[in-house]
Amino acid sequence: MTDHLASAGPQIDVKRDRLVILASTLGTVFEWYDFFVYGTLAALIAKLFFPTDSPTAGLLLALATFGAGFGVRPVGAVLFGYLGDKLGRKYTFLVTITLMGIATAAVGLLPTHAQIGIWAPVLLVVCRLLQGLALGGEYGGAAIYVAEHAPRKQRGYYTSFIQAGVIGGFLLSLMVVLISNSFVDKAAWEAWGWRVPFLFSVLLLAVSLWIRLKLKESPVFQAMKDAGETAANPVKESFNSWARIKLVLVALFGVAAGLTVIWYTAQFQALYFLQSTLKFEDNSARLILGAGAMFSLFWFILFGWVSDKIGRRKPILLGYVLTLIFLFPLFHWMGNAGNPELAAAMKASPIVVTGSDCSYDPFAKKQATACGAVLDTLSKKGLPYSKLAAAEGSAPVVTIGGSPVDVSNGDLLDATLKQAGYKLEKSVPTLSRALQVIAAIVIIGMFSGMTYGPVAALLVELFPARIRYTSMSVPYHIGTGYFGGFLPFISQFIVAKTGDPFAGLWYTVGVVALALVVTLFGLPETSGKELD
């Protein structure tokens, strides 16, 4: 059976292949829409489910819940990977998308903290965990299903649409939020309008199920099942030798971790940077990010196609190198172009806090030290600052452009900040500023396309058919779940702790550097490999 499949390969059927790509990609778009709509509305969810005196703390709690959904993805990968290798690709990802749709719609029905207190965030976390469980089985099933139908020399191109489906889900979440928001005023939006994007998931679920039910089982799995060669225990077989464990580790640290932090930096990190640091009005920030993401769709398909020509490793390695070189310059470009007044104020009149024991806890209701209280005041206003150590026991001193200011006097602080050029109110950027920010996002999106576009084909080719669903899903979802899912929380926590709006990017740089080394020395080339 195996030799026959290797020699023959999937037969080209244009009508069938179009349906396979359409159904799998739309399902991926809808599944990721369900997952990302939470991140798109994180600032409002923080207010409704995690009320606190500190907007920073509320946002961090909301982002931690966002990350919790990612944290359970490896469990879903094991569960649905086992089912996918035992029962089939088609039926497994029918189950995953159904679970995702139900969990997302449930978020839209949850009472808020004002209505039921602490149970509101508890139920929200439960829904996020169910979403993460479903997502752990979706990606592997869709990628494998398309790849096992694809011609050998077009596998990267075929599966690139699955990769583009991820960014498509993010785009759809932005669009639905913007459209829903445009029909109601602010009070109605915060009262009930925010629920509409979550409930919209029911319609997406119905469309996705209707399309996917038209599909047949993957030819590779069907032949393997007919021959009685499915794995007895896919999880055990995935880790029964050092050679297989090594491939799983390379897929985890060299592929999944690296590509996912670039992607989340290009999308969510950029979104919070525009909203919190550059003080863009929320819908303006979403529109700008949506425009950048839409142009970036092209990169995913392009580099999937390119990987069929030059191999999978080369574009991934190049994407990592370019990210390490240009990530900080691109975010500084966004800062200088998007809010030049803030950039000028930070340079001409930097905020400096001098004191002893300047420890700061963004989650504390009351800071332990006087210097920590000062940092809390600045953080709540979203102000960038730097710290200087002082003699033990000395009172904290805040200077703006070298001149001391009393931060306990809120009116005086605001007046001094305004005089120094710091804009605290949110605003709509001009077209020229917005276009420069979009250009920077598109360039980061290109790096993401280089690393993400070829990956579905690569991971499918990396593992044998008997254990393919499990072996690729587990490392992919650990890497994307933990390294990527907690990126918004970790990066914003670093920003809050340091007062440096660019400091959170060091997390991305560190993970990408690790991925570059692992990929360079551990990842084999798989392009053109026959699927057993």
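The values are calculated or read from the model by the stated rules, or taken from the named source; none is laboratory data. From a predicted model like this one, the values you see are computed outputs, not experimental measurements. All Cβ positions, glycine included, derive from the backbone under ideal geometry; neighbour counts span all protein chains shown.
A compact table of results
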quantity	calculated
Selected residue [of a type in the set (Ser, Thr, Tyr), touching a Gly at 6+ places or on another chain (Cβ under 7 Å), more than 28 Å from Phe280 (Cβ to Cβ) and surrounded by fewer than 22 Cβ atoms within 10 Å (Cβ to Cβ)] from Ser349, Ser356	Ser356
Single residue of Ala223, Ala206 found to be part of a helix (DSSP H, G or I), at pLDDT 80 or above and out of contact with any strand residue (DSSP E or B) (no Cβ under 6 Å at 6 or more places or on another chain)	Ala206
Search result, residues across region 466-492 that are buried (at least 22 other Cβ atoms within 10 Å of the Cβ) and not in a helix (DSSP H, G or I)	Gly485
Given (1) crowded, with 18+ Cβ neighbours inside 10 Å; (2) without any contact (Cβ under 8 Å) to a residue 60 or more places away in the chain; (3) of a type outside the set (S, T, N, Q), number of the condition Ile316 does not satisfy	(2)
Flag if Val495 is under 27 Å from Val75 (Cα atoms) and either in a loop (DSSP other than H, G, I, E, B) or in the same structural domain as Thr159 (by TED's automatic domain parsing) (or both)	no
In region 360-380, residue farthest from Ile400 (Cα to Cα) [restricted to those that are under 26 Å from the mean Cα position of the chain (by Cα) and outside any helix (DSSP H, G or I)]	Phe363
Residue selected from region 183-198 under the condition free of Cβ contacts under 8 Å to residues at least 60 places away in the same chain and part of a loop (DSSP other than H, G, I, E, B), by the criterion farthest from Val29 (Cα to Cα)	Asp185
Among (1) over 15 Å from Ala68 (Cα atoms); (2) under 24 Å from the mean Cα position of the chain (by Cα), the one test that Cys127 misses	(1)
Helices (runs of 4 or more DSSP H) lying entirely in region 107-182 (those with 2 or more residues that are charged (D, E, K, R) and in the same structural domain as Ala23 (by TED's automatic domain parsing))	119-147
Count - residues of region 403-434 that are outside any strand (DSSP E or B) and within 15 Å of Gly355 (Cα to Cα)	2
Residues (free of Cβ contacts under 8 Å to residues at least 40 places away in the same chain and under 17 Å from Asp500 (Cβ atoms)) located in region 378-415	Leu388, Ala389
Some residue of region 307-314 being of a type in the set (Asp, Glu), in a helix (DSSP H, G or I) and in contact with a helix residue (DSSP H, G or I) (Cβ under 8 Å, 6 or more places away or on another chain)	yes
Subset tally (residues that are surrounded by fewer than 23 Cβ atoms within 10 Å (Cβ to Cβ) and at pLDDT below 90) for region 431-460	0
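Quick grid of which residues meet (1) part of a helix (DSSP H, G or I); (2) farther than 24 Å from Thr470 by Cα; (3) in contact with a Pro (Cβ under 6 Å, 6 or more places away or on another chain); (4) at pLDDT below 90:
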| residue | (1), (2), (3), (4) |
| --- | --- |
| Ala251 | yes, no, yes, no |
| Val255 | yes, no, no, no |
| Trp263 | yes, no, no, yes |
| Ala266 | yes, yes, no, yes |
| Tyr272 | yes, yes, no, yes |
| Ser276 | yes, yes, no, yes |
| Leu287 | yes, yes, no, yes |
| Met294 | yes, yes, no, yes |
